[in-house]
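Following: one structure in structure tokens, then a few remarks.
The values are calculated or read from the model by the stated rules, or taken from the named source; none is laboratory data. All figures in this text were calculated on a predicted structure; none of them were measured in a lab. Here the Cβ is made from the backbone with ideal geometry for all residues, glycine too, and neighbour counts use every protein chain on show.
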Amino acid sequence: MRQREKLQLYLYQLVHGEKPGILSAILLGVLRIFSFIYGLGVRVKLGLYSCGIKKQHKLDCTVISLGNITVGGTGKTPTAQQLAMIIRDMGYKVVILNRGYRAGWKGDIGLVSDGKKIFMSANEAGDEAYLLAKNLPGVPVVVGKDRAVTGEYAVKQLKADVVILDDGYQHWKLARDLDIVLIDTLNVFGNNFLLPRGTLREPLANLERAHAYLLTKVDQSSHNARNNIRNILARYNCIAPVVESIHNPRAFIEIEDWYKKGLRCTKINLEVVRGKRVMAFSAIGNPSSFEQTVADTGASAVEPVRFPDHHSYTMAEMQDVMQKAVDQGACALITTEKDAVKIPAEFIHSDRPLPMYILSIELDFVDGMEDLMLLIKKALKPQPNFNNVVPLRTARRRGIEASK
């Protein structure tokens, strides 16, 4: 594990009360001071935009932002993927703008995919952007820190009708037509402190800016927990609709087949691991949710292996994970698509003692999607000769109704 990742892990454990002691108490006090300064900066910056002193950049297309109010994984990438497919199937040219977190590309504009061909590796584009490009034929993906710059590129060069900002709630520089905030029902608002004392990017009062809320992984949370979240949201914004979604496991894919064939790879039925010992490993923001999804397939999961979020695996680390799985009598390793793009190709194509399966997960909307679709259709600019009706089969599969 790299020094930066060790520091991130230590700070995470510290702010969540997992590091008791006098030194920890002192450090938390210092972090609380920095949180006050950070919160003041957030309020000043947002205030400058609100009163017009700092100007927002307006694109000549519809802009839909997906984001969250906390750090960590809430399911933004699979949501961006699903909404991009829905809007693409309505006849609009969709482009996804991704920040390119931990991307090797350092330029202002990085074209990961033009919708037909992928031009960057996972190391160059960042794991999330590369995964979106791999899974979304017909939808270009662009990386760059300044979404006003990449947005202009999307409109002028890629002829975008709609751009989706992946993780854009705090990117106030770019005006948007729709702000959707994702909330992980298993890790709602962290410890309710702002960064760096906690995991909040903004004060909870800033939830009022959202046009809609999307609760993720609701099948793994209790009814009372979801009601509590809804009550908190209504305290700040009682108008925005609340949509519920689940991460639904569809199939397993052998990682070597996934690399060679992409979307044309062979899907393996989930029943293949039912009642058998498997080992899950991941480097994502909320590994416990993924591990629960693996358990829900009916597999008997041995102790999982976790790495820090966005970790890039080495050959030695993968060999160590494989050996642990063999020693514990597992019949397979199971990981996520996000992790798959960061595993060395040398290991993937090596003579492995166990298969390594990617768990293919699809976001399904289970409640409130009709209200969100009304907001999306209202935000979309009418296009001549375009069919803005979601096909009935697609609508049913994705948990929404065809427009009327």
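When His57 is tested against (1) surrounded by fewer than 17 Cβ atoms within 10 Å (Cβ to Cβ); (2) modelled with pLDDT under 95; (3) touching a helix residue (DSSP H, G or I) at 6+ places or on another chain (Cβ under 8 Å), only condition (2) is not met.
Whenever a residue of the stretch 316-345 is assigned by TED's automatic domain parsing to the domain that holds Lys76, it has no partner that is assigned to a helix (DSSP H, G or I) lying with C-beta atoms less than 6 angstrom away and at least six residues away or across chains. Across the stretch 70-80, the qualifying residues are those that are at negative phi and either of a type outside the set (A, V, I, L, M, F, W, C) or buried (at least 24 other Cβ atoms within 10 Å of the Cβ) (or both), and the one among them that is farthest from the chain's Cα centre (by Cα) is Thr70. Does Ile268 qualify as being in contact (Cβ under 8 Å) with a residue 12 or more places away in the chain and either touching a helix residue (DSSP H, G or I) at 6+ places or on another chain (Cβ under 7 Å) or in the same structural domain as His211 (by TED's automatic domain parsing) (or both)? The answer is no for Ile268. Screening Thr314 on (1) buried (at least 20 other Cβ atoms within 10 Å of the Cβ); (2) of a type in the set (S, T, N, Q); (3) modelled with pLDDT of 95 or more shows it passes everything except condition (1).
Residue-level check: of (1) modelled with pLDDT of 95 or more; (2) outside any strand (DSSP E or B); (3) under 12 Å from the mean Cα position of the chain (by Cα), Leu66 misses just (2). I need the full set of residues from the stretch 376-395 which are modelled with pLDDT of 85 or more and buried (at least 18 other Cβ atoms within 10 Å of the Cβ), in order please. If the condition is that a residue be modelled with pLDDT of 85 or more and buried (at least 18 other Cβ atoms within 10 Å of the Cβ), then Ile376, Leu380 are the ones that fit. Restricting Gly41, Gly47, Gly104 to residues that are farther than 19 Å from Glu152 by Cα, touching a helix residue (DSSP H, G or I) at 6+ places or on another chain (Cβ under 7 Å) and surrounded by fewer than 19 Cβ atoms within 10 Å (Cβ to Cβ) narrows the list to Gly104. The residue that is farthest from Ala345 (Cα to Cα), counting only those in the stretch 99-128 that are without any contact (Cβ under 8 Å) to a residue 24 or more places away in the chain and not in a loop (DSSP other than H, G, I, E, B), is Ile118. Identify, please: which residue in the stretch 1-38 is surrounded by fewer than 15 Cβ atoms within 10 Å (Cβ to Cβ) and among the small types (Gly, Ala, Ser) and is, among those, nearest to the chain's Cα centre (by Cα)? My answer is Gly17.
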